[in-house]
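Participant: My questions will all concern the structure given below.
No value in this document is a laboratory result; all are computed from the given coordinates. For clarity, every value in this text was computed on a predicted model and none was experimentally measured. Positions of Cβ are generated from backbone atoms using ideal geometry, with glycine treated the same way; all protein chains shown enter the neighbour counts.
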Protein chains: 2
Amino acid sequence: MSVPNRKSPESLQDRLEQVTYLLHKYDPVEGQVQDDHDDAPVSVELSLHEQNLNELQLKLEELHPADVAYILESLPLEERLAIWQLVKSDRDGDILLEVSDAVRETLIADMDSHELIAAANNLDADELADLAPDLPRDVVRELMDTLDAQQRERLKSALSYADDQVGALMDFDMVTIRDDVSLEVVSRYLRRFEMLPDHTDKLFVVDNEGRLKGVLPIKKLLVSSPDALVADVMADDPVIFDPQDDAGVAAQAFERYDLVSAPVVDAKGTLYGRLTIDQMVDYIREESEAEVLAAAGLREEEDIFASVWKSVRNRWAWLAINLCTALIASRVIGLFEGSIEKLVALAALMPIVAGIGGNSGNQTITMIVRGIATGQVQVAHGRRLLRKEAGVALINGVFWGGVLSLVAYLLYGHIALSIVLMAAMVLNMLLAALMGVFIPLCRMRLGRDPALGSSVLITAITDSGGFFIFLGLATLFLL
Amino acid sequence: MSVPNRKSPESLQDRLEQVTYLLHKYDPVEGQVQDDHDDAPVSVELSLHEQNLNELQLKLEELHPADVAYILESLPLEERLAIWQLVKSDRDGDILLEVSDAVRETLIADMDSHELIAAANNLDADELADLAPDLPRDVVRELMDTLDAQQRERLKSALSYADDQVGALMDFDMVTIRDDVSLEVVSRYLRRFEMLPDHTDKLFVVDNEGRLKGVLPIKKLLVSSPDALVADVMADDPVIFDPQDDAGVAAQAFERYDLVSAPVVDAKGTLYGRLTIDQMVDYIREESEAEVLAAAGLREEEDIFASVWKSVRNRWAWLAINLCTALIASRVIGLFEGSIEKLVALAALMPIVAGIGGNSGNQTITMIVRGIATGQVQVAHGRRLLRKEAGVALINGVFWGGVLSLVAYLLYGHIALSIVLMAAMVLNMLLAALMGVFIPLCRMRLGRDPALGSSVLITAITDSGGFFIFLGLATLFLL
């Protein structure tokens, strides 16, 4: 028997290196031969190259689709497509499902409609629904025609839900049983399957009309007496979802109740589909990546080997917003050009006031947004949170403001300037605390997403606000 | 039979509201009666209050430990502790495992060592290991004494691993079988269990010395003939982990290969423990939260109802770093105070140069750090990535720099100033691109975490760099 295999990142890296090595070993295009055959005639090189490609093809066949996807994502475009050509066409569909959206685009662009239809042919309706938005329209239409009525119905229904709804993430691989049979009968029924669907940790108990009556956990089936009736053993209050439910909420429920699979049931109680933990894990990962990317001003996940133009498109929107806010801050400073001319130290000190306000405001708003996302912050808590955040801002402002105004005094020897600096820091941090609580709570009340662009918004406020407070105070008291 | 229950966030909110309502309905402390009994004598109020608490206690008993944890996290300290008192002590342990670290601290602080030991008594060794770091030392020592030898050994071994190692996340709930028996025998063996451990989707096949020989997926057990031998049906190349493996890598493997459980095996091949998807999901969630919090300059997850002092402690470190970088930027501006005095428009325009560089640099560094985390960016790609990022920076710099310098020209009517502004923006964005690629790749080469503080670092560079480039160019060419 073979030794159990450890799938560590090193082994993935190894495989990636093997693949690129084989791909380039006798590179006939550039004629660069990387080992001791460099005196061989070109024809030999070519056949050696072919031999290598065969070896490479065998290697790729051994790999899990997710591993092939990883290799494709890690290669620059030309090498990626060379590997993609070598993948057996019956695996194309599974691999397209595993790669990131950006890389999937490059792979699909390289395939003609014939290849695309062949790739899609091995997929289930729910998998097709994941792929369909990226496929050319005529391919989707042609695919629809090849499906049987049930599959077509399922594909249509899966496509009718938004990306972040349960209906878009569920599959249809339910194993259903009746409640009036014995576990012995259930066991015999299961043995008639070639293979049970992945993540089958419970069987779904339905009545004649397909309405869900409960679930029979496999682990109960295994420990209970074969003579017991399903109705006596099943759990009749499972966690269920509606296809319209928010996927994030479903993911939280999977996390909270440690679920592996759960039935999706429509308003009438009819069993409609199934959610599984692997889809939830992917969803959680994608959401958290989107959050990190959005925080840095990237619209979506980027193929790291994307063309310059694609990257520019992915990034320009946030740069534009950032420029607008910077322009506003610049105009605020412009209001006080006269003051700066008279006391140029103001120009050097003002970024400090803006910076500490931005940092402090981001801390507050991140915490509030997170609390709203988990449902632990409600509008009713507004006043209490405001008191707390104002307290934190006051303490930090007085302490760090004190340190900084001491430094400013040592640099400029101007005691009134130091006092104005300290006052401006405290006030800007209070502004940051106020807005950090106020903005997300308001947005929640208005039914908007409190997270969207929160960092940009709070930074814009604390920049312009910080410049205004500091330069305004200085103009009032120093000049 | 009961209707299947939908666990939506609304239902959780409802329960939270019911709980707070019952808690306060006849609040004897403040004497505020919230319904029509306000003419009842105090003694009646008190007994009514007691009745409510009983009702509340029954309600809490019906709830899943994760839901009780949610309610505790959502309540301010005094109400949280009032509810905590009502929870049956045999559920304390499970609930402590579910709450966030910050809230767990407040609950443990409220318990004496007798209560803590009672709470911990219902837990397995791996669960105890999760709790132990938060418990007082003498409680841990006393707990150790109550454990049998095997449990003590397991607890010690689980405690010997770092938080982000597989050994700290695994449990010991493996169901093991031999490979020379028939599936019929396996089924009979399983029926002797009262209950199978959660997330048992495969049985672990071991030899006499406890070495792992393979796994028997439950779904194969269910569809195969009862007469077949385990050895013929089992998978002999399962994905396995070493207790020293990085938990993040394990989480990625669970995601990639859609695992529900996986054996943990030591260097000699001996079965040592088990990883399950629920632990991995928690790990993924915690990691992504830590990332978001760190990006905003929060050291750790904060109890939203924490005291002001606790919050100050959680936030001051990043504020201090931020102040240092702001001070450096301020000193760079200080170098050019003479220039600003002569041309005060420089003061108003300089934050624009710094801001766009920071935004652009954050986009680059986020993408590179993410690529490194997934293993898709290697040091060897440095030159290619640099070329691409420089290209993006050049295009964005020329375009947005062009727009901005036009605005500056309209505002100040100073053509040379506009040209300097544009040049400074392009140069600062190129600096941002260079550093955005260079810093994480260098850190990776040195074996450091490329993500840590990357945003603070790049912003510090583009701030000081932006001021220096803009004011320096202006001093050279305009004055």
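Participant: What list of whole percents do you get for P(r) of region A:129-216, with Cα-Cα distances grouped in 10 Å bins up to the one holding the largest distance?
Facilitator: Percent of Cα pairs in each bin: 14, 35, 30, 18, 3.
Participant: Assign one of three labels to region B:308-478, namely rounded, prolate or oblate, based on the Cα gyration tensor with a ≥ b ≥ c the square roots of its eigenvalues; rounded applies when a/c is under 1.5, prolate when it is not and a/b is larger than b/c, and oblate otherwise.
Facilitator: Working: a/c = 2.48, a/b = 1.36, b/c = 1.82.
Oblate, since a/c reaches 1.5 and b/c is not below a/b.
Participant: Continuing with this model, one more query. Quick check on the protein assembly as shown: of the DSSP beta bridges with both residues there, what percent are antiparallel, nearest 5%? Working shown, then result.
Facilitator: Working: 34 of 44 bridges.
Around 75 percent antiparallel, to the nearest 5.
Participant: Counting each DSSP H run of 4 or more residues in the protein assembly as shown as -39500 (n - 2.57), what helix-only mean residue ellipticity at 222 nm follows after dividing by all residues, to the nearest 500 deg cm²/dmol?
Facilitator: On the way: 44 runs with 620 residues, N = 958.
The per-residue figure over the protein assembly as shown is -21000 deg cm²/dmol.
Participant: Additional query: Report, to one decimal in Å, the Kirkwood hydrodynamic radius for region A:43-171 based on all distinct Cα pairs. Write out the running numbers ahead of the final one.
Facilitator: Numbers: mean 1/r = 0.0634 Å⁻¹.
Result for region A:43-171 stands at 15.8 Å.
Participant: For A:LYS156, give me every one of the lysines with a C-alpha distance below 23 angstrom, ignoring sequence neighbours fewer than eight places off in its own chain.
Facilitator: Output for A:LYS156: A:LYS268.
Participant: Okay, moving on. Per residue of A:216-225, count partner chain C-beta atoms within 10 Å of its C-beta, then hand back the mean as an integer. The partial results should precede the final answer.
Facilitator: On the way: counts 0, 3, 7, 11, 2, 4, 14, 7, 1, 1.
Per residue, the number of nearby Cβ atoms from other chains is 5 on average.
Participant: Quick check on chain B: what are the equivalent-ellipsoid semi-axes from the Cα gyration tensor, as sqrt(5λ), descending, whole Å?
Facilitator: Values: eigenvalues 581, 272, 78 Å².
Its equivalent ellipsoid spans semi-axes of 54, 37, 20 Å.
Participant: In Å, what is the Rg of the alpha-carbon atoms in region A:208-338, and how long is Dmax?
Facilitator: 25.1, 92
Participant: Measuring nothing but label to label, 7 Å from Cα along Cα→Cβ, what are B:MET195's distances to the other copies in nm, shortest first?
Facilitator: So the label point of B:MET195 gives 3.2 nm to the other copies.
Participant: Considering only C-alpha atoms, what is the centroid distance from region B:408-479 to region B:205-273, in Å?
Facilitator: 52 Å
Participant: Can you put B:SER74, A:SER464 in order, fewest other beta carbons within 10 Å first? Show your work: numbers first, answer last.
Facilitator: Numbers: B:SER74 24, A:SER464 20.
Neighbour counts put them in this order, fewest first: A:SER464, B:SER74.
Participant: While we're here: Please go through region B:413-479 and write out the trypsin sites (Lys or Arg not before Pro) that DSSP classes as loop and that have at most 11 other C-beta atoms within 10 Å.
Facilitator: On the way: sites: B:ARG443, B:ARG445, B:ARG448; in loops: B:ARG448.
Listed in order of number, the matching sites are B:ARG448.
Participant: Right, something else. Once the label point is placed 7 Å from Cα along Cβ, list for B:GLN378 the distances to the corresponding points in the other copies, in nm, shortest first.
Facilitator: 5.5
Participant: Please sort through the DSSP H helices of chain A and keep those with an alpha-carbon extent of at least 24 Å along the long axis and a Kyte-Doolittle average not below 1.0.
Facilitator: Working: long enough: A:42-62 (30 Å, -0.43); A:277-295 (27 Å, -0.14); A:308-335 (39 Å, 0.76); A:345-373 (43 Å, 1.05); A:382-412 (41 Å, 0.82); A:415-445 (45 Å, 1.97); A:454-478 (34 Å, 1.69).
Membrane-span-like by this rule: A:345-373, A:415-445, A:454-478.
Participant: Which of the lysines could a cross-linker bridge to A:LYS342, judged by Cα under 27 Å and excluding same-chain residues fewer than eight apart?
Facilitator: B:LYS342
Participant: Now, a different point. Nearest 0.05, what FRET efficiency do A:GLN150 and A:ARG211 give at R0 = 30 Å with Cβ-Cβ as r? Write down the numbers at each step before the final one.
Facilitator: On the way: r = 19 Å, r/R0 = 0.62.
Computed FRET efficiency for A:GLN150 and A:ARG211 comes out at 0.95.
Participant: A further question follows. What ranking of A:MET422, A:MET367 emerges when the number of other C-beta atoms within 10 Å of each C-beta is taken as an exposure proxy, fewest first? Please report the intermediate quantities before stating the final value.
Facilitator: Working: A:MET422 22, A:MET367 27.
Arranged by neighbour count, lowest to highest, A:MET422, A:MET367 become A:MET422, A:MET367.
Participant: Could you give the alpha-carbon Rg of the protein assembly as shown over 2.2 N^0.38 Å, rounded to two decimals?
Facilitator: Values: Rg = 31.4 Å, N = 958, 2.2 N^0.38 = 29.9 Å.
Scaled against compact globular proteins, the figure is 1.05.
Participant: Assuming R0 = 35 Å, what is the FRET efficiency of B:ARG387 and B:TYR257, from their Cβ-Cβ distance, to the nearest 0.05? Intermediate values should be presented prior to the final figure.
Facilitator: Numbers: r = 35 Å, r/R0 = 1.00.
So, using R0 = 35 Å, E works out to roughly 0.50.
Participant: Search the structure for amide H atoms under 5 Å from the amide H of B:LEU203, placed 1.01 Å from N in the peptide plane, and list their residues when 5 or more places away or on another chain.
Facilitator: Under 5 Å from the amide H of B:LEU203: B:LEU216, B:ILE218.
Participant: Could I ask something else about it? Per-residue Cβ counts within 10 Å, from other chains only, averaged over B:327-339: what number is that?
Facilitator: Details: counts 9, 0, 4, 13, 3, 2, 8, 7, 1, 3, 4, 1, 2.
Counting other chains' Cβ atoms within 10 Å and averaging over B:327-339 gives 4.
Participant: Please return the longest stretch of chain A lacking exposed loop sites, where GluC sites (Glu not before Pro) count only if DSSP places them in a loop and at most 14 other Cβ atoms lie within 10 Å. Please list the in-between numbers first.
Facilitator: Details: sites that count: A:GLU30, A:GLU194, A:GLU209, A:GLU300.
Answer - A:301-479.
Participant: Checking the a/c ratio against 1.5 first, then a/b against b/c, what shape does the Cα gyration tensor give for region A:282-405? Kindly include the intermediate steps, with their values, before the conclusion.
Facilitator: Numbers: a/c = 2.69, a/b = 1.19, b/c = 2.26.
The shape class here is oblate.
Participant: Excluding same-chain residues fewer than 8 positions from A:LYS388, which lysines have a Cα within less than 29 Å of its Cα?
Facilitator: B:LYS25, B:LYS310
Participant: What net charge do the residues around B:LYS388 carry, taking every other residue with its C-beta under 14 Å from that of B:LYS388, with Lys and Arg at +1 and Asp and Glu at -1?
Facilitator: Numbers: positive: A:LYS310, A:ARG313, A:ARG315, B:ARG383, B:ARG384, B:ARG387; negative: A:GLU302, A:ASP303, B:GLU389.
Here the charged neighbours net out to +3.
Participant: Ordered shortest first, which distances in nm separate the 7 Å Cα→C-beta label point of A:ALA228 from those of the other copies?
Facilitator: For A:ALA228, the inter-copy label distances come out at 2.5 nm.
Participant: Treat the count of other C-beta atoms within 10 Å as a stand-in for reagent exposure and order A:ASP67, B:ASP266 from fewest to most. Write down the numbers at each step before the final one.
Facilitator: On the way: A:ASP67 20, B:ASP266 16.
Ordered from fewest to most neighbouring Cβ atoms within 10 Å, A:ASP67, B:ASP266 come out as B:ASP266, A:ASP67.
Participant: Sticking with this structure for a sec: Give me the inter-chain shielding for B:242-249: mean count of other chain Cβ atoms within 10 Å, whole number please.
Facilitator: On the way: counts 2, 0, 0, 4, 2, 0, 1, 5.
Counting other chains' Cβ atoms within 10 Å and averaging over B:242-249 gives 2.
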